[in-house]
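The structure under discussion appears below in the form of structure tokens.
The values are calculated or read from the model by the stated rules, or taken from the named source; none is laboratory data. Given the structure is predicted, the values throughout are model-derived calculations rather than measurements. Here the Cβ positions follow ideal geometry from the backbone for every residue, glycine too, while neighbour counts run over all protein chains shown.
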Amino acid sequence: MYMKKIFGFFLLISIIGVSCKPKETPIEIIPDIQKNHLQRNHLFGDVKEITTEKYIMVNNSDSIAEEKHLSTTIQKYSTDGLLTGIITLNQDKDTLFIEKIFYSKDAKVVSSQKTDQANKVIAETTYQYDRNGFKTEEKYIENDQVYMTILYKNDDKGNAVEMTQKRDSITLTNKLRYDSNGLISQIEQYDPFGKLFKYITYEYDNYGDEVNRRVFNQNNKQIEFTYTVYNQKGHLQKVLYEDLIHGIKTLTKYSGHDSKGNWTIGTYKKQNQIIYKQKRTILYY
């Protein structure tokens, strides 16, 4: 189970697109290395703050499913689309954690700190860059101890082409490939012995939005897939995922889009049963 969780760390999650959007203006595909937080998360408009309420589904005394508030997350963004803070509240809306992200003058993240209710720092992440401004290292710290380090090797554009995660006595490596638009096309994951464990392929539409993500084992057998759907205006509609080994299927539907095109209601189903819902309120500059 520990190894499974470690390998899961390397699955880079970004929910983006299909190719059914009308061509109204010249298409400009932004390379991954140039995207800010808003662009990586397919958010439209000058987002200032996102409040996300999460509700789980529970059965009442009559065995009827009802929504029960579980948590609240508040994300804060700068005027140039950088994530600057995350506040996590419990079901009673008491503050559990506050995370602050700090940047250099050239908008590179240099550190983040997570504090608890007593304003005590409980986790910290630091980042290092080379003379070209390319990220070379991340260190994850808890209780003043480094528990994980990620080392980066980059190409001449600054894209990470190799990530090495070191945690305890375990070392895992990812090798990344990019297409001609600077978008990730494949990630290969290697176990501590340097043997290919699995690999992930990515496909995009003409707008640079991800349409298909497939996971294969070392024998080239497909074991997972993720398919993301947008409407003709580019609004996120649903994300389908299937674990082909264990027969697990999930479906997340998005609705209630605001005037900018960002979803405000998300419903997550597993094996066709609603597990939780998310409701978002978005403020703009």
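Some observations on this one:
- Number of positions in segment 154-181 that are among the aliphatic types (A, V, I, L, M), surrounded by 14 or more Cβ atoms within 10 Å (Cβ to Cβ) and more than 21 Å from residue 203 (Cβ to Cβ): 2
- Of all residues in segment 230-285, those that are assigned to a strand (DSSP E or B), over 20 Å from the mean Cα position of the chain (by Cα), closer than 28 Å to residue 198 by Cα and not β-branched (Val, Ile, Thr) total 0.
- Taking segment 85-111 as the range and being of a type in the set (Phe, Trp, Tyr) and either over 24 Å from residue 162 (Cα atoms) or not in a strand (DSSP E or B) (or both) as the test, the residues that pass are 97, 102.
- Checking each residue in segment 170-187 for being farther than 16 Å from residue 140 by Cβ and hydroxyl-bearing (Ser, Thr, Tyr) picks out 173, 178, 180, 185.
- Complete set of residues in segment 257-282 that are loosely packed, with under 13 Cβ neighbours inside 10 Å and at pLDDT 95 or above: 259, 281
- Among residues of segment 62-89, those that are within 18 Å of residue 279 (Cα to Cα) and hydroxyl-bearing (Ser, Thr, Tyr), counted: 4
- Per this entry, residue 12 is counted among residues that are of a type outside the set (Lys, Arg), on the phi < 0 side of the Ramachandran plot and at pLDDT below 95.
- Exactly one residue among 133, 85 is surrounded by fewer than 17 Cβ atoms within 10 Å (Cβ to Cβ) and closer than 30 Å to residue 189 by Cβ, and that residue is 133.
- Reported count of residues in segment 106-129, each being surrounded by fewer than 17 Cβ atoms within 10 Å (Cβ to Cβ), closer than 18 Å to residue 158 by Cα and without any contact (Cβ under 8 Å) to a residue 24 or more places away in the chain, is 2.
- All positions within segment 69-116 that are more than 20 Å from the chain's Cα centre (by Cα) and either of a type in the set (Ser, Thr, Tyr) or closer than 18 Å to residue 42 by Cα (or both): 79, 95, 104, 115
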